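Taking it in order: structure first as structure tokens, then the write-up.
The values are calculated or read from the model by the stated rules, or taken from the named source; none is laboratory data. Fair warning: this is a prediction, and the values are worked out from it, not measured in the lab. Neighbour counts are summed over all protein chains in view; Cβ atoms, including those assigned to glycine, are modelled from backbone coordinates with ideal geometry.
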Amino acid sequence: MDENFSDLQKLLRLKKYEAPPAEYFEGFLKDFHRRQRQEIVKLPLWRIAWDRVTASFVPGEVPRFAYATVTAVALFGAVLASRQMVSRPANSELAAVSASPAAMVASSNRLESAPVSLRLNRTQTVAGARPNSQVVFLNESDFPTVRDSRTRDSARLASQQSRPPRYVLDARPVSYEAPVSF
Amino acid sequence: MEITDAATAEPTDDQLVAWTQRGDAEAFDKLVVKYSPRLYGLIYHMTSNHEDTNDLMQDVFSKAYRSIGGFKGKSSFYTWLHQIGVNMTINFVKKRGRRFHLSLDDVDSNIQNDREFLELTASSDPVRETNLSELQRRLNESMQKLSPDHRAVVTMFDIQGMPHAEISKILGVSEGTVRSRLFYAHRQLQNYLEEFRQ
């Protein structure tokens, strides 16, 4: 044998003479039909469906950009899921009902009576401002006002009143405290 | 699309595939009869076992029949069938691992008239002195020592005489990869068959 493998290749080519007798191929088709009939009886439905799905792909060929698309979809899904996980505690029901309805009404009234000092608008003049200084005008909508919070609170109250009330005990009642004994 | 040979009026592969896709099972039978000898050669030389080859042949044609609805004709039916055959055989050989035994077909007596065989026995003392069944066993054992991927390339190129381009299509790798696998496999086989060196 030489370094060009020519003698080795001649030897390998002789393997083509290893073959079953001609009768084998004549009987093969009958065996194939028999086996197909058996398979149809045995095959579960999910397997038939799976074969039909995989049949739409050419074996050994992956569509162009398939991996990139799958990765992008997975990343997008992960971002969506993580955003939902982050925003959930703020909207959770437990946080909404942590204060009783009576306490919320009281706090709403207290806020209403408080003086409003941070309202600025364009029509107001800024006293004491120097001629060249930069004056920033703020709109009412830039800041949540007491009226806004009251509207939000009343909407939340209305939604809670439509449901049966829930009470969460934050501390142990006084009567359950251990008596001081000497 | 291939053109039907007017002299023999044999339908082309594309026609047979189209008829099968429309539900004509007999058209698929014709494809089975046409390609089973070549598919047998591909699987047999990778497994070196007649019974395993028979089972795999059945599985390959079953899968091809179930999947033929998805065959779009981007490659020839022959290439597509060989893709299924090679993939299933490589998976089988990997699962089988080292637990195998040779179950070899008889060597056709026509080998005695083969020009290359005559050249080899005339030029190489070891080949002349080794009897035919021993030579066959040694060749198959050496093939089984190769990895499944290398075995597939040697089978298709050296035994079945496929061109590099066809093999690269079937395996879904570049022609360069096919050539490098062939070189590596030849070097390994040469080491295993060292005693047949003159």
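Below is a table of values for the structure above.
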{"read-out": "Qualifying residue in the range A:53-71 (condition: at pLDDT below 85, at the interface with another protein chain (Cβ under 10 Å from one of its Cβ atoms) and in a helix (DSSP H, G or I))", "value": "yes"}
{"read-out": "Condition met for residue B:77 (of a type in the set (Phe, Trp, Tyr) and in contact with an Asp or Glu (Cβ under 9 Å, 6 or more places away or on another chain))", "value": "yes"}
{"read-out": "When residues of the range B:81-110 are limited to those that are under 24 Å from residue B:70 (Cα atoms) and among the polar types (S, T, N, Q), the one farthest from the chain's Cα centre (by Cα)", "value": "B:91"}
{"read-out": "Scope the range B:83-102; condition surrounded by 13 or more Cβ atoms within 10 Å (Cβ to Cβ) and within 14 Å of chain A (Cβ to nearest Cβ); matching residues", "value": "B:83, B:84, B:85, B:86, B:87, B:88, B:89, B:90, B:102"}
{"read-out": "Spans of helices (runs of 4 or more DSSP H) in the range B:3-103 with at least 3 residues over 27 Å from residue A:50 (Cα atoms)", "value": "B:25-47"}
{"read-out": "Some residue of the range B:89-104 being among the small types (Gly, Ala, Ser), in contact with a helix residue (DSSP H, G or I) (Cβ under 9 Å, 6 or more places away or on another chain) and under 27 Å from residue B:51 (Cβ atoms)", "value": "yes"}
{"read-out": "Cross-chain or 6+ apart pairs with Cβ under 6 Å, the range B:142-166 first and part of a loop (DSSP other than H, G, I, E, B), then buried (at least 23 other Cβ atoms within 10 Å of the Cβ)", "value": "B:146/B:185; B:162/B:156"}
{"read-out": "Selected residue (criterion: farthest from the other protein chains (Cβ to nearest Cβ)) from residues of the range B:59-80 that are of a type outside the set (A, V, I, L, M) and within 15 Å of the chain's Cα centre (by Cα)", "value": "B:78"}
{"read-out": "Selection within the range B:75-101 - within 25 Å of residue B:62 (Cα to Cα) and at pLDDT below 75", "value": "B:100"}
{"read-out": "Extreme residue, modelled with the lowest pLDDT, among residues of the range B:154-197 that are among the aromatic types (Phe, Trp, Tyr) and under 17 Å from residue B:140 (Cα atoms)", "value": "B:196"}
{"read-out": "Selection from the range A:1-47 of residues that are more than 9 Å from every other protein chain (Cβ to nearest Cβ) and aromatic (Phe, Trp, Tyr)", "value": "A:46"}
{"read-out": "Residue check, residue B:121 farther than 21 Å from residue A:6 by Cβ, free of Cβ contacts under 8 Å to residues at least 40 places away in the same chain, in a helix (DSSP H, G or I) and among the β-branched types (Val, Ile, Thr)", "value": "no"}
{"read-out": "Count of residues meeting criterion [more than 9 Å from chain A (Cβ to nearest Cβ) and either acidic (Asp, Glu) or buried (at least 18 other Cβ atoms within 10 Å of the Cβ) (or both)] in the range B:170-181", "value": "3"}
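Residue-by-condition table, conditions (1) among the small types (Gly, Ala, Ser); (2) loosely packed, with under 15 Cβ neighbours inside 10 Å; (3) over 18 Å from residue B:38 (Cα atoms):
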{"residue": "A:10", "(1), (2), (3)": "no, no, yes"}
{"residue": "A:14", "(1), (2), (3)": "no, no, no"}
{"residue": "A:26", "(1), (2), (3)": "no, yes, no"}
{"residue": "A:34", "(1), (2), (3)": "no, yes, yes"}
{"residue": "A:48", "(1), (2), (3)": "no, yes, yes"}
